[in-house]
1. May I ask you to say which residue of 39, 101, 46 is in contact with a helix residue (DSSP H, G or I) (Cβ under 8 Å, 6 or more places away or on another chain) and modelled with pLDDT of 90 or more?
2. Against the condition assigned to a loop (DSSP other than H, G, I, E, B) and more than 14 Å from the chain's Cα centre (by Cα), how does residue 27 come out, does it pass?
3. Please tell me if residue 68 is part of a loop (DSSP other than H, G, I, E, B), touching a strand residue (DSSP E or B) at 6+ places or on another chain (Cβ under 8 Å) and at pLDDT below 95.
4. Against the conditions (1) free of Cβ contacts under 8 Å to residues at least 12 places away in the same chain; (2) touching a helix residue (DSSP H, G or I) at 6+ places or on another chain (Cβ under 7 Å), where does residue 28 fall short? Just the number, please.
5. Looking only at segment 77-103, how many residues end up being free of Cβ contacts under 8 Å to residues at least 24 places away in the same chain and in a helix (DSSP H, G or I)?
6. Which residue, of 74, 3, is outside any strand (DSSP E or B), within 19 Å of residue 101 (Cα to Cα) and touching a strand residue (DSSP E or B) at 6+ places or on another chain (Cβ under 7 Å)?
7. Among the residues of segment 94-110, is there at least one that is over 15 Å from the mean Cα position of the chain (by Cα) and surrounded by fewer than 14 Cβ atoms within 10 Å (Cβ to Cβ)?
């Protein structure tokens, strides 16, 4: 199985895995699955860290790579898709993740109920 982690699930997976339900945590830890971390999440974490809204102790890129997650770039095609995406969700980072997941036809693991009205698959 292949899927994208929403930013909050990524942060929990790296710092507090007990916050993730057993089924989801097993999917993340199962090495036969491909777990993607989007450049969008890296950007969100970097911006929130620089604003003092989030504290990240270690080099995020090193931690993501050591966790066995695959990095996923955000493309121009995915950015253009945002113009047609309904505004059910106003957070720009989440909207970009939704666009990416929709176009790549990959499920996204999230606890954010605002993702539900979109056509992307959810875990």
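The values are calculated or read from the model by the stated rules, or taken from the named source; none is laboratory data. For clarity, every value in this text was computed on a predicted model and none was experimentally measured. Positions of Cβ are generated from backbone atoms using ideal geometry, with glycine treated the same way; all protein chains shown enter the neighbour counts.
1. Numbers: 39 fails: in contact with a helix residue (DSSP H, G or I) (Cβ under 8 Å, 6 or more places away or on another chain); 101 fails: in contact with a helix residue (DSSP H, G or I) (Cβ under 8 Å, 6 or more places away or on another chain).
It is 46.
2. Values: assigned to a loop (DSSP other than H, G, I, E, B): no; more than 14 Å from the chain's Cα centre (by Cα): yes.
Taking the combined requirement at face value, the residue does not satisfy it.
3. Details: part of a loop (DSSP other than H, G, I, E, B): yes; touching a strand residue (DSSP E or B) at 6+ places or on another chain (Cβ under 8 Å): yes; at pLDDT below 95: yes.
Judged against the criteria, residue 68 is a match.
4. Result: residue 28 passes all but (1).
5. First, the residues of segment 77-103 that are free of Cβ contacts under 8 Å to residues at least 24 places away in the same chain: 79-84, 87, 90-92, 95, 98-99, 102.
Still in the running and in a helix (DSSP H, G or I): 79-84, 92, 95, 98-99, 102.
Here the count works out to 11.
6. Numbers: 3 fails: outside any strand (DSSP E or B).
Answer to the selection: 74.
7. Taking segment 94-110 and keeping what is over 15 Å from the mean Cα position of the chain (by Cα), we get none.
Checking segment 94-110: not a single residue is over 15 Å from the mean Cα position of the chain (by Cα) and surrounded by fewer than 14 Cβ atoms within 10 Å (Cβ to Cβ).
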